[in-house]
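Student: A single structure is presented below for examination.
The values are calculated or read from the model by the stated rules, or taken from the named source; none is laboratory data. Since the model is a prediction, treat every value here as computed from it, not as a measurement. We place every Cβ from the backbone using ideal geometry, glycine too, and count neighbours over all the protein chains shown. Ligands, DNA and RNA are excluded from the accessible area calculation, which covers all protein heavy atoms including side chains. Shrake-Rupley method; radii C 1.70, N 1.55, O 1.52, S 1.80 Å.
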Amino acid sequence: MSKVTIIVPIYNVEEYVAKCLDSLLRQTYSDYVIYAVNDGSTKNEQPIIDRYAAAYPEKVVAIRKENGGYGSVLEMAIARLDSEYFLVCDPDDYLADDALEILVGLADANQADLVIGAKNFIYSDSDEQKYDPAYNTKFTALRPGQGYVKGTPEFENLLFVDPSPHAKLYRRSLAANIQFPHKIGYTDNLLFYISLLNAEKVVYTDKALAYYLIDRAGNTMTDLKPQVIDAHAQVFSTILDQAERCSAVPALFYYRIFEAYKFSFYQLRRIKGTPAEKLEHAEVLYRLVEKLMPHRAAILEGMARFGYTGSRERMKDKLVLTAGISHPVYRRWVKSFVKE
């Protein structure tokens, strides 16, 4: 049994897989295994996966399954883990050679359930790298090496961490009971937020340990299909549902989920489609608003502390969260927004 499992969800990324696996095999830390999971890809990744599994039988486990989406890969892989920790590495990204050594070292030294590292953005058409601390520096400053303990005011700062899977080491037990939706994107958000709410102690490092390709066509950062709105709404609704099973949920959590809704709302203008089609997807998004309304007080508290929108928009947000008048206000807001 290895101490760490690296889960690599693979779907239609043939040109990137070898570089990713090479980076994982160069790790200076040795007590790990790689789950290379082919999620029913229509491209030619399987021979590449098989080649690595044959060349490194003690390190690479080749897994092939029917297509079910990112969440189905996480669900299947986490269910079969026997390691203490796991890490997710997307196949178009890669890790620094000492990523596992640093992450596991911090976990052991601090008895941490979750270790979060910084990352570098990389681009498909250049050699440029851009450092990203992996959290929103407008609203907080995380201290490298500090143990953030659940239930303390400082723990709330972790809610400003980017939920993407890059350079995050999870204790297996954090995610053991997460139920992942299939066939949609953004399920890495579900993994992070529920694991964070389950964690007792978290450590951050400002060292860039992952390299994140942010402009690949078809990923959730560049895909502007209308279904992206629906997926975002479903995943964050699921996060709210599963958060109910967690103890000591910070009030700021609900504000952060509201901000995720606002992000999706602004995508309505960017997605393809007629105003009528955008209104249809806006109604799917409104279901998330309905789930947030019981947490109105916590969200308004977050707005007061961190809100940076104008007074007019802040008033709209307050009205949208008000029972009885919410939906008419929301509909008028959406109609004016998508026609601008």
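Student: Keeping every protein chain present and rolling a 1.4 Å probe, give me the accessible area per residue for the range 2-81 in Å².
Tutor: On a per-residue basis, 43 Å².
Student: Can I ask one more? What is the sum of charges, Lys and Arg at +1 and Asp and Glu at -1, for the other residues whose Cβ falls under 12 Å from the Cβ of residue 140?
Tutor: +2
Student: Nearest 500 deg cm²/dmol is fine: what mean residue ellipticity at 222 nm does the chain get from its DSSP H runs of n ≥ 4 alone, each adding -39,500 (n - 2.57), divided by its residue count?
Tutor: Mean residue ellipticity, 222 nm, calculated: -13000 deg cm²/dmol.
Student: Which pairs, out of 43/335; 168/335; 168/262; 150/291, put more than 29 Å between their alpha-carbon atoms?
Tutor: 43/335; 168/335
Student: Still on this structure, please answer the following. Which residue, chosen from 44, 72, 102, occupies the Cα position most advanced towards the positive end of the dipole of the chain, where the dipole is computed from +1 (Lys, Arg) and -1 (Asp, Glu) charges on Cβ about the Cα centre?
Tutor: Among 44, 72, 102, the one farthest towards the positive end of the dipole of the chain is 72.
Student: Can you tell me the dipole magnitude for the chain around its Cα centre, using point charges on the Cβ only (Lys, Arg +1; Asp, Glu -1), in Debye to the nearest 20?
Tutor: It comes to approximately 1460 debye.
Student: Can you give me the % of accessible surface on the chain that is carbon or sulfur? Probe 1.4 Å, all protein chains present, nothing else counted.
Tutor: Numbers: 7300 of 14860 Å².
Result for the chain: 49 percent of the exposed heavy-atom area is carbon or sulfur.
Student: Test of understanding: in a Gaussian network model of the chain with alpha carbons linked when under 10 Å, which of 172, 64, 312 would top the mean-square fluctuation ranking?
Tutor: Fluctuation is largest for 312.
Student: Going by Cα centres, the range 68-139 and the range 1-40 are how many Å apart?
Tutor: 12 Å
Student: I would also like to ask the following. If we sort 72-84, 190-202, 299-311, 41-53 on the protection proxy, mean other Cβ atoms within 10 Å, highest first, what's the order?
Tutor: 190-202, 72-84, 41-53, 299-311
Student: Given a 1.4 Å probe, how much area per residue of the range 274-340 is accessible, in Å²?
Tutor: Per residue, the range 274-340 has 56 Å² of solvent-accessible surface.
Student: Report for the chain the percent antiparallel among DSSP-assigned beta bridges with both residues inside it, nearest 5. It would help to have the intermediate numbers written out before the result.
Tutor: Values: 16 of 42 bridges.
If I count the DSSP bridges inside the chain, around 40 percent turn out antiparallel.
Student: Another question about this same structure. Stretched out fully, how many nm does the piece from residue 279 to residue 146 gain, at 0.36 nm a residue minus the Cα gap?
Tutor: Taking residue 279 through residue 146 to full extension adds about 43.3 nm, to one decimal.
Student: Per residue, how big is the convex hull of the chain when only Cα atoms are used? Give it in Å³. Display every interim value, and only then the final one.
Tutor: Working: hull volume 46.2 nm³, N = 340.
Cα-based convex hull of the chain, divided per residue, equals 136 Å³.
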